[in-house]
Amino acid sequence: MRRDIITALDAGSSRISVTMAEIRADRQLHIIGAASVPAAGMKKGVVVDIEAAAQAMAGAATRCQRMAGAPIGRVAVSLSGSHVASFNNRALVSVARPGQEVGPDDVHRAMEAARVVNLPGDRELVHVLPRQFLVDGYDGIRDPVGMMGNRLEVEAHMVTASGSAIQNLLKAVLRAGLEADQVILASLAAAESTLTQAERENGAVLADIGAGTTDVAVFEDGSPSLTFVLPVGSDHITSDLAMGLRIPLSEAERLKLEYGLLPGRQPGDGVLFELPSAGSGEHREVTPSLLLDIVEPRVHELLNLMLTEVRRSGLTRRLPGGLVLTGGGARLAGLDVWASREMGIPVRVGEPESLAGLSEAVQGPEHAAAVGLVRLALARRSRASAAVAASAESGGFGLMARLKDWFRELF
Ligand SMILES: Nc1ncnc2c1ncn2[C@@H]1O[C@H](COP(=O)(O)OP(=O)(O)OP(=O)(O)O)[C@@H](O)[C@H]1O
Ligand SMILES: [Mg+2]
């Protein structure tokens with residue numbers, strides 16, 4: 001029997017990972033392979049050297065395939081980079097049978113109408129996610145089918161990205177010998193595997209802090225209302241340490257991983273360790289204060305940039321679900337407690353929900369996007385096959401299945 005396999009490719013600035021999951025008879029996802037290799041040809045979340053990126057992708061894919069003992073099939077690819085932008089759109093259609101029930105076809109037309117936007121030059125639509133429907137002006141409706149009314153309106157979250165950035169990503173994937181069947185925003189993938197339903201409903205921010213980018217998704221009333229990518233990540237902390245202490249990047253990275261935000265300012269501020277000074281024989285002392293004076297401002301700046309962007313979008317309501325941090329950068333020791341104190345909101349590190357199979361291979365916040373990609377790819381693939389089945393059954397366009405599509409896009 002043909003095995004039903006879902007593959008996710010998360011191409012990050014520092015790490016390229018391929019994750020394979022199998023849908024078994026129990027309809028559960030079983031992780032059957034996961035491999036990460038150091039990234040190449042990537043900068044701040046985008047492909048800058050197709051050939052180098054392709055080689056790294058192929059390397060991760062080969063290792064993952066070998067581990068899984070199964071062919072890789074089509075892959076869902078993560079999208080990142082500061083070219084990603086979002087806005088919320090509304091579209092209105094009149095119900096086909098005025099004064100009667102809203103039908104699936106009306107919902108379909110409303111979603112199609114929402115897609116009709118004038119995007120400048122090189123921009124492409126990546127996601128159109130329904131947030132709510134309004135029937136004759138009454139808002140907050142998740143499923144309008146069966147309601148009576150004349151006017152059906154949809155509010156949708158629209159994610160757009162640079163067409164050439166997407167093309168370069170897909171070119172690298174293709175050159176790696178892989179076939180991409182969907183592109184999914186990295187922050188939405190990370191949110192999928194970590195945010196609870198309550199957090200989505202109450203309002204929460206997901207921030208995936210990677211090496212070169214911070215991918216942000218704000219959720220309100222159960223669905224994303226704002227998504228963006230900042231060109232700043234945890235590698236900036238490393239380079240600040242390297243510059244501030246005049247040490248090599250590798251040494252700075254080691255210090256970051258070891259102390260994070262937790263060296264603790266002790267009374268008297270004892271010497272943490274000594275650094276050999278470049279050139280001269282003398283030693284330089286590194287105190288907890290010195291380390292914190294370098295790390296804190298950078299983390300502060302990152303959180304501040306994020307909040308500024310959220311406010312700029314016009315979002316003023318509170319987000320009691322707080323902040324959920326994923327990505328390797330979320331591992332910075334003490335970050336959750338520090339951020340919670342600085343921002344006065346609940347902050348937690350998001351562990352991807354555990355799946356069956358080799359789930360320990362995708363444990364840790366840096367795997368949140370990969371696990372979410374697998375889950376979203378599965379949801380989309382089931383929708384696609386349901387649509388085919390429904391249209392075959394009805395001889396129509398599979399509108400019922402398409403409708404389920406739109407709702408599942410609500411996450
Ligand atoms: N224990 C740790 N403490 C602090 N930082 C860490 C820790 N572990 C990993 N990191 C940092 O996390 C970053 C890598 O995270 P991740 O693997 O999520 O990035 P990426 O997906 O390759 O990059 P991006 O998403 O920005 O394109 C690196 O900057 C690394 O130094
Ligand atoms: Mg990443």
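The values are calculated or read from the model by the stated rules, or taken from the named source; none is laboratory data. Please read these numbers as outputs of a predicted model, since none were measured by experiment. Don't worry about glycine lacking a Cβ; one is built from the backbone with ideal geometry, like all the others, and counts go over all protein chains shown.
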- Query: Do you know which of the residues in segment 152-193 that are within 15 Å of the chain's Cα centre (by Cα) and polar (S, T, N, Q) is modelled with the lowest pLDDT?
  - Reply: Gln182
- Filter result for Glu360 (free of Cβ contacts under 8 Å to residues at least 60 places away in the same chain and under 21 Å from Pro320 (Cβ atoms)): no
- Note on the structure: The condition of being among the acidic types (Asp, Glu) and within 24 Å of the chain's Cα centre (by Cα) holds, among Asp122, Asp106, Asp139, only for Asp122
- Within segment 12-51, work out how many residues are at pLDDT below 95 and either of a type in the set (S, T, N, Q) or within 14 Å of ligand 2 (Cβ to nearest atom) (or both). 1
- Filter pass, Leu79 being away from ligand 1 (no atom under 16 Å from the Cβ) and crowded, with 18+ Cβ neighbours inside 10 Å: no
- Note on the structure: Note: among Arg131, Arg123, Arg142, just one is free of Cβ contacts under 8 Å to residues at least 60 places away in the same chain and on the phi < 0 side of the Ramachandran plot, namely Arg123
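Rundown of residues vs (1) among the small types (Gly, Ala, Ser); (2) touching a residue at least 40 places away in the same chain (Cβ under 8 Å), yes/no style:
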position	(1), (2)
Leu178	no, yes
Ala189	yes, yes
Ala211	yes, yes
Thr238	no, no
- Message: I'm trying to understand the selection: among the residues of segment 31-51, which are under 21 Å from Cys64 (Cα atoms), within 9 Å of ligand 1 (Cβ to nearest atom) and not in a strand (DSSP E or B)?
- Response: Ala39
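Residues are listed down the side, and each one gets a yes or a no for (1) within 17 Å of Leu305 (Cα to Cα); (2) at pLDDT below 90; (3) part of a helix (DSSP H, G or I):
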| position | (1), (2), (3) |
| --- | --- |
| Val324 | yes, no, no |
| Gly329 | yes, no, yes |
| Val337 | no, no, yes |
| Glu342 | yes, no, yes |
| Ile345 | yes, no, no |
| Arg348 | no, no, no |
| Pro352 | no, no, no |
| Ala361 | no, no, yes |
| Glu366 | no, no, yes |
- Note on the structure: Here the residues within segment 111-152 that are of a type in the set (Val, Ile, Thr) and surrounded by 16 or more Cβ atoms within 10 Å (Cβ to Cβ) are Val126, Val128, Val135, Ile141, Val145
- Task: Would you be able to tell me the number of residues in segment 140-165 that are of a type outside the set (S, T, N, Q) and closer than 19 Å to Val117 by Cα?
- Result: 10
